[in-house]
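First the structure, in the form of structure tokens, and then the observations on it.
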């Protein structure tokens, strides 16, 4: 039996079967048992090598090196984490947003901030905080097609996952950017007879050159629970700190309360947003007594 080897992208896994997109065609695959034995099973977003026989199931032979991997939802090689917050109802929780941005940076993702309900209350104050952190920021409201299109252009060619607290308008935003996605996921739900309380599998959809992760139930709680950052790495997850690192009076400076801390001076001088530093201190205090091996 002859075999053809192809490079592809894992779009969905369900019931022990993996669906891999190769050159516009989707293959239903099984994975070699060696992946399970090594504890490194394929996940959605993986770049893989499959072997395709003349007849029978294709097989995943190799998982290419990942740039990142989330534990929950199980998703790999995410380019952009889109963090949705709202100006009102609910008010923005800056500590939660900052935990998301830090988790993204720590996992080699670009955090993009989308401020919704900009029509009810201006989101410029929120936007200023995160532009100062050098993150892409988009202000959106129901009738603002221009900014929705800018966000869609930004996501082209990238694998993106969306997260945000309940009530911020995450689903509404996704459906505005990708109306086809609601159509596809709705068809799947009807086909499988799933109720609203049933968790769908994680799946990637390719729409208009964007790869969008459909991650039902993916909340900010998941990232906070599974993506804690070691205290020595945390300072590097706040990009606006970078130019001041190494300038503190003490080499072991935690940047929380020490005399001669250059970060604290930058906060005092208005160069670093106070809310960002407050979040950093809260995160530092959460992990300061935890050993790195315990986090792993």
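Give the residues of the stretch 202-217 that are part of a loop (DSSP other than H, G, I, E, B) and buried (at least 21 other Cβ atoms within 10 Å of the Cβ), sorted by residue number.
202, 215 - these are the residues of the stretch 202-217 that are part of a loop (DSSP other than H, G, I, E, B) and buried (at least 21 other Cβ atoms within 10 Å of the Cβ).
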Problem set entry | Total residues in the stretch 229-243, condition touching a residue at least 60 places away in the same chain (Cβ under 8 Å) and part of a helix (DSSP H, G or I) | 7
For this session: Could you tell me whether the stretch 241-262 includes any residue that is surrounded by 14 or more Cβ atoms within 10 Å (Cβ to Cβ), at pLDDT 95 or above and under 26 Å from residue 114 (Cβ atoms)?
Result: yes
Seminar exercise, completed: The one condition residue 7 fails out of (1) part of a strand (DSSP E or B); (2) crowded, with 16+ Cβ neighbours inside 10 Å; (3) over 17 Å from the mean Cα position of the chain (by Cα) is (2)
Seminar exercise, completed: Selection over the stretch 122-146 where residues are crowded, with 16+ Cβ neighbours inside 10 Å and within 15 Å of residue 85 (Cα to Cα) yields a count of 12
For this session: Pull up the stretch 147-162, narrow it to residues that are under 27 Å from residue 272 (Cα atoms) and in contact with a strand residue (DSSP E or B) (Cβ under 6 Å, 6 or more places away or on another chain), then point me to the one that is surrounded by the fewest Cβ atoms within 10 Å (Cβ to Cβ).
Result: 147
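Yes/no matrix, rows are residues, columns are (1) in contact with a helix residue (DSSP H, G or I) (Cβ under 7 Å, 6 or more places away or on another chain); (2) under 13 Å from residue 231 (Cα atoms):
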| residue | (1), (2) |
| --- | --- |
| 256 | yes, yes |
| 270 | no, no |
| 277 | yes, no |
| 284 | yes, yes |
For this session: Having 1 or more residues that are under 24 Å from residue 203 (Cα atoms) is the bar; report the strands (runs of 3 or more DSSP E) wholly within the stretch 28-139 that clear it.
Result: 47-53, 58-63, 80-86, 110-116
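The values are calculated or read from the model by the stated rules, or taken from the named source; none is laboratory data. Remember, predicted model here, so these are calculated numbers, not experimental data. In this analysis, Cβ positions are derived from the backbone assuming ideal geometry, glycine residues included, and neighbour counts consider all displayed protein chains.
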